[in-house]
Every structure is written in C-alpha cells, then in structure tokens.
1. Report the Stokes-Einstein translational diffusion coefficient (µm² s⁻¹, integer) for the stretch 25-77, Rh taken as the Kirkwood radius over Cα pairs, at 10 °C with viscosity 1.306 mPa s.
2. Sequence-distant or interchain residues sharing an amide H contact under 5 Å with Gly199, placed H: which?
3. Hey, quick one: spin label on Thr268, modelled 7 Å out along Cα-Cβ, who in the stretch 224-259 has an amide N within reach, i.e. under 18 Å?
4. Applying 1/(1 + (r/R0)^6) with R0 = 51 Å to the Cβ-Cβ distance of Asp257 and Thr15, what FRET efficiency is obtained, to the nearest 0.05?
5. Can you list residues from other chains, or at least 5 along the same chain, whose modelled amide H is less than 5 Å from the amide H of Gly23?
6. Work out, step by step, the length gained on full extension between Leu37 and Val52: first 0.36 nm times the residue separation, then minus their alpha carbon distance; give nm to one decimal.
7. Show the residues, 5+ positions off or on another chain, whose built amide H is closer than 5 Å to the amide H of Val82.
8. Work through the residues other than Ser262 whose Cβ is under 14 Å from its Cβ and net out their charges, Lys, Arg +1 and Asp, Glu -1.
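Throughout, read-outs are computed from the coordinates displayed, never taken from laboratory work. These numbers were taken from a predicted model, which means no experiment stands behind them. Note: ideal-geometry Cβ built from the backbone for every residue, glycine included; neighbour counts use all protein chains shown.
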Amino acid sequence: MENSNSLTVTFSNGTAVDAAIVGASQTDDIAVISAKLSDIDEATRSTIKVSVIGDSNELVPGDGSIIIGNALGYGQSVTTGVISALNRKINAQDNYGRNITNTVIQTDAAVNPGNSGGPLLNMKGEMVGIVSAKFSDTTVEGMGYAIPSSTVAAIINEIMNNKTANSSENANTNGGAYLGIAGMDISQSIARQYNIPIGVYVTKVYTGAAAEKANISQGDVITAIDGTQVTSMSQVKNILTTKKSGDKITITVAKADSNYKSAKVEVTL
C-alpha cells in the first residue's frame with residue numbers, strides 16, 4: 001500500500017470511489033482509509049452496513065469462525081471453520097527489512113490470496129479479527145491468522161485521534177515513526193524470576209536506528225514512553241502509530257550495564 005499512487009474502494013454493488021489513507025501501522029499491517037461521502041451515490045450508501053466489533057478476548061479455541069473476503073479476486077466469498085488457537089506468535093519482515101513479531105488468532109477457516117484485510121467473524125456476525133496471513137506449505141493445511149479485534153480497535157483509535165501524526169503522506173513515504181528495536185514482554189512473574197523491571201526487554205537494536213543513537217542497548221528494559229508505563233511490545237507499537245518521523249519522545253529505560261538503574265533518554269524517531 002505504501003508505494004501506491006492511488007487507492008480505490010469497491011463496494012458490494014460494484015460501485016468504486018477514490019479513497020485516501022488516513023494513517024497506518026506498518027508493524028501491524030493495519031491502515032485506516034477514508035472516502036468522501038459526496039462521491040458515494042445514494043443507492044450505494046443504502047447498501048453499506050456498519051460492522052459490529054466483537055471482543056476477541058472472549059474467544060476460546062473451538063468457537064466457530066467465518067472469514068469474508070475477495071479470494072483470488074473472484075468477488076466476495078465466505079469460508080467457515082473454528083478458532084484453532086489464541087495468542088499465536090508469528091514472525092515476518094516488513095517492507096523495510098525489519099523483523100516483526102505479532103500476536104494473532106489462528107483459525108482453520110480457509111484463507112486465500114484476497115482474504116487479507118477481510119474480517120474474521122464470530123458466530124454472532126461480530127468482527128473479532130482482521131485476516132492477516134496464512135502458513136503455506138505442502139505439509140500444512142488450515143493455518144490462517146488474524147489480528148485480534150482488541151489490537152485492531154486500539155490502533156484504529158490511536159490513528160483516528162492523531163490524524164496529523166498519521167497523515168497519508170507520512171504513511172506512504174516513510175512508514176511512520178521507527179524506533180529500531182526488537183523486544184519481548186517482561187511480565188510480573190518473569191520480572192521476579194530474573195530480578196528485572198516489568199516492561200519491554202530489548203532483544204536487538206538495529207544498526208543506525210533511533211534507539212542505537214539514543215544509547216539504548218540489547219538487554220535494557222524499556223519501562224515508559226513519555227511518562228506512560230509500557231509493559232508490552234504491542235503497546236510500544238501502538239504509541240509509535242501516533243508519531244511521525246522526526247518526532248522526539250522520552251523513553252524511560254532500565255540500563256542492563258548499570259544493574260538496571262532507571263534513566264531517561266530523548267529519542268528522535
């Protein structure tokens with residue numbers, strides 16, 4: 001999407017209108033787009049229904065699942081299955097070569113090219129996820145993944161509340177703010193076990209990135225950003241969706257080389 005010169009939305013009745021990107025989270029593969037109401041004719045408006053967002057935190061393995069999408073570009077199609085697993089970790093690379101780990105829902109409802117971006121629904125018809133990826137191998141069947149609605153809703157709200165920081169220009173040209181770390185969540189139990197603070201443990205710092213320039217190192221623990229406590233990488237990513245390249249933030253970090261003494265560093269994203 002980031003390299004596109006234009007964006008078109010096609011509705012279920014075949015009508016198409018131009019749209020624009022309001023903002024995007026590269027790491028979560030989610031974007032918010034908008035179309036002018038004046039471009040949508042009355043007949044098309046009458047066919048539009050607002051999706052009800054369900055709570056992905058209420059899902060349990062074995063629940064029924066439905067996927068709607070434009071599989072293989074043939075038009076709208078529906079597949080069904082069950083929720084196979086929750087809180088799966090999948091690794092991928094974004095368009096900048098950065099390693100990304102996302103927490104997703106696994107389903108055995110068929111996922112094919114053209115399903116990405118479509119909704120994962122529960123049996124009430126509520127959207128509980130956005131289809132994101134599929135594991136493809138000759139020895140594997142029925143492993144599709146969706147971003148949980150709890151994550152989606154948080155990112156959408158951040159983007160909608162920060163339109164200036166997440167303009168379409170920013171989303172299309174520089175992919176938004178980039179800190180330049182890989183990390184893992186430090187829960188209360190892990191913090192007690194290893195005698196380190198709760199937060200995000202930095203497992204890697206990318207060469208030349210903002211984090212390296214701010215002297216954040218592998219082994220450090222990020223505990224807050226701009227005064228807001230952080231306890232997970234998804235929280236860090238959500239905060240970054242509200243920023244743009246060149247913004248400055250203050251990160252509170254427990255330094256590994258000083259027995260995890262807390263320090264504040266200013267970072268230019």
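1. Roughly 105 µm²/s, to the nearest whole number.
2. Result for Gly199 returns Ile186.
3. So the set is 243-251.
4. Efficiency at R0 = 51 Å is approximately 0.25.
5. Val32
6. 3.3 nm
7. Ser65, Asp108, Ala109
8. Summing Lys/Arg as +1 and Asp/Glu as -1 gives +1.
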